[in-house]
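Working notes, beginning with the structure itself.
The values are calculated or read from the model by the stated rules, or taken from the named source; none is laboratory data. Keep in mind it's a predicted model, so treat the numbers as computed, not measured. A quick note on method: Cβ atoms are made from the backbone with ideal geometry, for glycine too, and the neighbour counts reach across all protein chains shown.
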Ligand SMILES: [Zn+2]
C-alpha cells in the first residue's frame, strides 16, 4: 500500500530531513511498506519528493530511496539506492531502528538531503561536504575553526603544567587568534559586499 505525505517543511538550512521517528509514526517500520514523502523549500517553493520502500522482513533490512533531482542547468537525474537499517534493543522491550549513513556507515536517526547535494547523508557527512563547498569563504573557515575550538576546549583537562600553558591550551590560544584574524577578514568582506 502506498502512502503519501505532503508538505513537509524543509528545515531552516533547506535540507530535506528523513527521520526515524517520522517513519515509525507513519507506520513505515512494519513489514514491507511503501510511502512517499515530500518537502517544500520555504525559499524557492520547489518541491522534493522521495519514494520510500522499507523492508524489515529480511536479515538485511533496508530502505530504498527513489527520487529525481533537477540541477541548475535543468537536467533531471534519477536516484535509486538502498540505505541499510540496523536495530538496537530498547530498554522497555522492542527494538529501535537506525539508518546506516550511505556515506560513512554511521548509525544515525536522521539523514539529510542538503540543498545542492544529491544524496541523503548523516549530519557529520553533510558538514564535511558543506565546508568543502564553502572552503574559500571566510564564514566557512570561521565556522570550522569555531568547532575546532569547542572540540579542543572539551578535551582540555589541565590548563597549566609547571606554571606554563599546556600544549592543548597553546593550540587553543593559536586557534582563538586565528578566529580573530578571520573575523576581521569577514567584516572586511562584508563591508566590500555592502559597498
Ligand atoms: Zn555519514
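Side notes on the structure shown:
- Of all residues in segment 44-67, those that are under 25 Å from residue 88 (Cα atoms) and surrounded by 13 or more Cβ atoms within 10 Å (Cβ to Cβ) total 10.
Let's see how each residue does on (1) away from the ligand (no atom under 13 Å from the Cβ); (2) under 18 Å from residue 60 (Cβ atoms); (3) not assigned by TED's automatic domain parsing to the domain that holds residue 50:
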site	(1), (2), (3)
72	yes, no, no
80	yes, yes, no
84	no, yes, no
87	yes, yes, no
92	yes, no, no
101	no, yes, no
105	no, yes, no
115	yes, no, no
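- Failed item, numbered, when residue 41 is tested on (1) under 20 Å from residue 100 (Cα atoms); (2) surrounded by 11 or more Cβ atoms within 10 Å (Cβ to Cβ): (1)
- Among (1) assigned to a strand (DSSP E or B); (2) within 30 Å of residue 145 (Cα to Cα) - the single one residue 69 does not satisfy: (2)
- Residues in segment 146-171 that are assigned to a loop (DSSP other than H, G, I, E, B) and either out of contact with any strand residue (DSSP E or B) (no Cβ under 9 Å at 6 or more places or on another chain) or within 19 Å of residue 127 (Cβ to Cβ) (or both): 156, 157, 158, 162, 163.
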